[in-house]
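K.L.:
Starting off with a structure, shown below.
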2 protein chains.
Amino acid sequence: MTLYNNTRLLQALKRQPVDVPPVWLMRQAGRYLPEYRSLRTKAGDFLTLCQTPQLATEVTLQPLRRFDLDAAILFSDILTIPHAMGLGLSFQEGEGPQFERHIETMRDVKALPILEVEEDLNYVLDAVYMIQEELRGSVPLIGFAGSPWTVACYMIEGGSHKNFINARKMAYQAPEVLTALLEKLTIATIAYLKGQILAGVNVVMLFDTWGGLLTPEYYQSFSLVYMQKIIARLKADASTANTPIILFSKGAAVNLEAMADSGVDALGVDWSIDLSSARKRVGAKVCLQGNLDPALLFSTPEKIRVAVKSLLNEWGAHPGLIVNLGHGIEQHTPLENVQALIAAVHEGRG
Amino acid sequence: MTLYNNTRLLQALKRQPVDVPPVWLMRQAGRYLPEYRSLRTKAGDFLTLCQTPQLATEVTLQPLRRFDLDAAILFSDILTIPHAMGLGLSFQEGEGPQFERHIETMRDVKALPILEVEEDLNYVLDAVYMIQEELRGSVPLIGFAGSPWTVACYMIEGGSHKNFINARKMAYQAPEVLTALLEKLTIATIAYLKGQILAGVNVVMLFDTWGGLLTPEYYQSFSLVYMQKIIARLKADASTANTPIILFSKGAAVNLEAMADSGVDALGVDWSIDLSSARKRVGAKVCLQGNLDPALLFSTPEKIRVAVKSLLNEWGAHPGLIVNLGHGIEQHTPLENVQALIAAVHEGRG
């Protein structure tokens, strides 16, 4: 096993003491970086970056060359699974994802092929190998997948939508179709995350971006239960049991207690709730990750430093804190402010 | 003062016993009704409907002819104030609102004229008079305004946006500009709601659709504090003090306790939280309004009936419940399902 130079993230995930809290940023490899924009222009489009292991590796490493981040996160997309299932994914500039075909009926669900990760998503596994070779144990690498509910939202809608009304309608109109889809995605996601772990990622994260669109009852029955199955299967398999899992349901802070009982190691938290209030609710059961407002990064280094100190001081000496944003970093974020955020976290409390 | 035939809403707002809970639906006058779509086609566009009192009256009354609703709500838009301030509002079909000019600097804020409700928004007041004449005391009429923060979001962004990043950035980058804008909107909103009350509305509602985009600290300092000022001023003025006020901050359930302390009569609640959990948190301080998922209305009359019974039974015999959706009714909602929802509420518990 690789010995890591920087073990802050892995220690925090075990709720062990660390010198200073680890920090990384959702979408840290992305459009706010000029070197990313330049590579994307050369590559032509977003999917080519994801599907070409050399390019995905380069993009994954870009933010680590600039910033003292405590983790790398695989450059990929939560829609690789439905793309591999043949729905025909594309990304229009500034428009978000678009599928050629969408899911409407039980027939559509049954027609989805069983995912063969080693074949269908070999480009992701290859990227993981290449990234780990480049990282040489400097920082751990986070792999990820979308939650079954969140991925289903896009598959049913055929792309992005303001409030995914067609996916939500299906929960009421044809719950048996939605359930069949979620079960198929759950099996695929288990295989996909296991593949990523065997290829070398050190941590996995489940992005449940649209969990907050559901009532508490439906959050339980259409989102959380499938994430629990994924977590349970990974924890029961000796080859994946030791890899920490982070779960992030955006806009679903009302369900924090239920998430904390899911068997997960850490919960991502958005900025709609104070991190210290969240900790009071879930106790020491899980590590917490978050939760600065991405809009804060448009202020000044000094204001960012004040906000970070305030977060760290309110959190106190408890173990199990990973500093991050409450959602992905915004496109036009000034680079010096990212620098200021990371430096302030690494200064620690005070 | 008019004697109302149907006093359920007003009684519930005072937390007095009612035979069965009142029910009305956000956007009940709107695109799911064929008679609305037909009138809109004739009128040409949405703004013409809002600005022509005869048409706004007709649209307001349309759902009451079909359904046994316990309230009418003025047909208008939360962006009438910035439109009256000269920002040049238009609605593109399927695109949402668009302003010709947006707010960026202190100079832009200072250039905004002081609103003269009687002149600039006389079409709204005329509609209120006309609607009340038609209603003849059958049901109470709800007036409304956007919260200063929510209206500011559109004014800064220049229209609708996925997450209003420019408004959120301004909170961090130029809080003095945002504050000046919010203060100006607060004064305008007080005058606007007072105008509506003097013209005859029986209840007013503040729509804080984007309050949930803020951290708890910023929700307090950039949204709630201005709504508190509006509430305090209306409650301190003898001519408006007796008109109940409903406050609805979407996606901000984490702040329910603070909202309940704002001096308001009722809180709107979205479907991200159980209504009975919300009641446990705010106690008997306020009436609660909500919170069925608009997607439920795409299921069947029988399933809707089960969901309504479950809401009513969980709520129990407590006073102060107004049944509504947790957000506006969706465009393609089947009419027979709206009928089923209202009938189920009026059957009461059991």
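None of the figures in this text is laboratory data; all of them are computed from the coordinates on show. As the structure is a prediction and not an experimental result, all values here were calculated from the model. Every residue, glycine among them, receives a Cβ derived from its backbone with ideal geometry; neighbour counts consider all protein chains shown.
K.L.:
Under the 0.36 nm per residue contour assumption, what length would be gained going from the current alpha-carbon distance of B:Asp19 and B:Ser239 to full extension? Could the numbers behind the result be given before it?
P.N.:
On the way: separation 220, 0.36 × 220 = 79.20 nm, distance 2.97 nm.
Answer, rounded to one decimal: 76.2 nm.
K.L.:
On alpha-carbon atoms, Rg over Rh for the stretch A:187-250 using Kirkwood Rh? Numbers along the way, then the final one.
P.N.:
Numbers: Rg = 12.3 Å, Rh = 12.2 Å.
Reported Rg/Rh, Kirkwood definition of Rh: 1.00.
K.L.:
Still on this structure, please answer the following. Fewest first, what order do B:Ser249, B:Ser262, A:Ser160 take by the number of other Cβ atoms within 10 Å? Mind dumping the intermediate values first?
P.N.:
Details: B:Ser249 31, B:Ser262 21, A:Ser160 14.
Result, fewest neighbours first: A:Ser160, B:Ser262, B:Ser249.
K.L.:
Also: Shortest first and in nm to one decimal, what separations exist between B:Glu104 and its copies in the other chains, measuring from label points 7 Å along the Cα-to-beta-carbon line?
P.N.:
With the label placed 7 Å along Cα→Cβ, B:Glu104 yields 4.4 nm.
K.L.:
If you don't mind, another one. Rounded to the nearest 5, what is the percent of antiparallel bridges among the DSSP beta bridges in the protein assembly as shown?
P.N.:
Numbers: 10 of 59 bridges.
So the antiparallel bridges amount to about 15 percent of the total.
K.L.:
Name the residue, out of A:Val128, A:Val254, A:Val308, whose mean-square fluctuation peaks in a Gaussian network model built on chain A with Cα pairs under 10 Å.
P.N.:
The residue with the greatest mean-square fluctuation here is A:Val254.
K.L.:
Over all directions, the average projected area of the alpha-carbon convex hull for the stretch A:59-118 comes to how many nm²?
P.N.:
Numbers: hull surface 25.0 nm².
Spelled out: convex hull of the Cα atoms, projected over all directions, averaged, 6.3 nm².
K.L.:
Let me ask something else. Using all alpha carbons of the protein assembly as shown, what is the percent of pairwise distances in each 20 Å bin, ordered from the shortest bin to the longest?
P.N.:
17, 50, 29, 4, 0
K.L.:
What residue among A:Ser277, A:Leu121, B:Ala180 has its Cα farthest toward the positive end of the dipole of the protein assembly as shown, where the charges are +1 on Lys, Arg and -1 on Asp, Glu, each on the Cβ?
P.N.:
Result: A:Ser277.
K.L.:
Based on the Cβ-Cβ distance of A:Glu116 and B:Arg66, what FRET efficiency does E = 1/(1 + (r/R0)^6) give at R0 = 60 Å, to the nearest 0.05? Before the final figure, lay out the partial values.
P.N.:
Numbers: r = 53 Å, r/R0 = 0.89.
Efficiency, rounded to the nearest 0.05: 0.65.
K.L.:
Which residue, B:Lys162, B:Lys110, B:Lys42, has the most motion in a Gaussian network model of chain B that connects Cα atoms within less than 10 Å?
P.N.:
Top of the fluctuation ranking is B:Lys162.
K.L.:
Also, I was wondering about something else. Counting Lys and Arg as +1 and Asp and Glu as -1, each charge on the Cβ, what is the dipole of the stretch A:8-347 about the Cα centre in debye, to the nearest 20?
P.N.:
On the way: 30 positive and 36 negative charges, 121 e Å.
The dipole magnitude comes to about 580 debye.
K.L.:
Just to be sure I understand: chains A and B are related by a rotation, so which residue of A has its Cβ closest to that axis, and how close in Å?
P.N.:
A:Gly251, 3
K.L.:
If you don't mind, another one. What GluC sites (Glu not before Pro) in the stretch A:69-120 are in a loop by DSSP, with at most 13 other Cβ atoms within 10 Å of the Cβ?
P.N.:
Values: sites: A:Glu93, A:Glu95, A:Glu100, A:Glu104, A:Glu116, A:Glu118, A:Glu119; in loops: A:Glu93, A:Glu95, A:Glu100, A:Glu104, A:Glu116.
Of the GluC sites (Glu not before Pro), the ones in loops of the stretch A:69-120 whose Cβ has at most 13 other Cβ atoms within 10 Å are A:Glu93, A:Glu95, A:Glu100, A:Glu116.
K.L.:
Of B:Ala260, B:Ala111, B:Ala29, which has the largest mean-square fluctuation in a 10 Å C-alpha GNM of chain B?
P.N.:
Checking each option, the largest mean-square fluctuation is seen for B:Ala111.
K.L.:
Average the reciprocal distances over every distinct pair of alpha-carbons in the stretch A:136-241, invert the result, and give the Kirkwood radius in Å. Show your work: numbers first, answer last.
P.N.:
Working: mean 1/r = 0.0692 Å⁻¹.
Kirkwood radius, the stretch A:136-241: 14.4 Å.
K.L.:
Right, here's the next one. Assuming 0.36 nm per residue, please report the length gained on full extension of the stretch A:Arg107 to A:Lys162 beyond their Cα-Cα distance.
P.N.:
17.2 nm
K.L.:
Run through the other copies and list how far each one's label point is from that of B:Tyr123, in nm with one decimal, shortest first; the point sits 7 Å from Cα along Cα-Cβ.
P.N.:
Spelled out, the distances from B:Tyr123's label point are 5.2 nm.
K.L.:
Could I have the simple spin-label model distance between A:Glu100 and B:Ser277, label points 7 Å from Cα toward Cβ, reported in nm to one decimal?
P.N.:
4.2
K.L.:
Using the 10 angstrom Cβ neighbour count as an exposure proxy, how do A:Trp315, B:Trp149 rank, fewest first? Provide the component values of the computation, followed by the final result.
P.N.:
Details: A:Trp315 18, B:Trp149 30.
Fewest-to-most Cβ neighbours within 10 Å comes out as A:Trp315, B:Trp149.
K.L.:
I'd like the distance between the alpha-carbon centres of the stretch B:181-256 and the stretch B:129-168, rounded to an integer number of Å.
P.N.:
Centre-to-centre distance over Cα atoms comes out at 11 Å.
K.L.:
Hey, what's the Cα Rg ratio for chain A versus the globular rule of thumb, 2.2 N^0.38 Å?
P.N.:
Details: Rg = 19.1 Å, N = 350, 2.2 N^0.38 = 20.4 Å.
Relative to the 2.2 N^0.38 Å estimate, chain A comes out at 0.94.
K.L.:
Classify the stretch B:50-199 from the C-alpha gyration tensor, please: rounded if a/c falls under 1.5, else prolate or oblate depending on whether a/b exceeds b/c. Present the calculation step by step, with values, prior to reporting the outcome.
P.N.:
Details: a/c = 2.32, a/b = 1.87, b/c = 1.24.
Prolate, because a/c is 1.5 or more and a/b exceeds b/c.
K.L.:
Any aspartates and glutamates with Cα under 17 Å of the B:Lys14 Cα? List them, leaving off those in the same chain fewer than 8 positions away.
P.N.:
The reachable aspartates and glutamates, counting only those whose Cα sits under 17 Å from B:Lys14, are B:Asp70, B:Asp261, B:Asp265.
K.L.:
May I pose another question? Any lysines with Cα under 27 Å of the B:Lys184 Cα? List them, leaving off those in the same chain fewer than 8 positions away.
P.N.:
Partners found: A:Lys303, B:Lys110, B:Lys162, B:Lys169, B:Lys194, B:Lys229, B:Lys235, B:Lys250.
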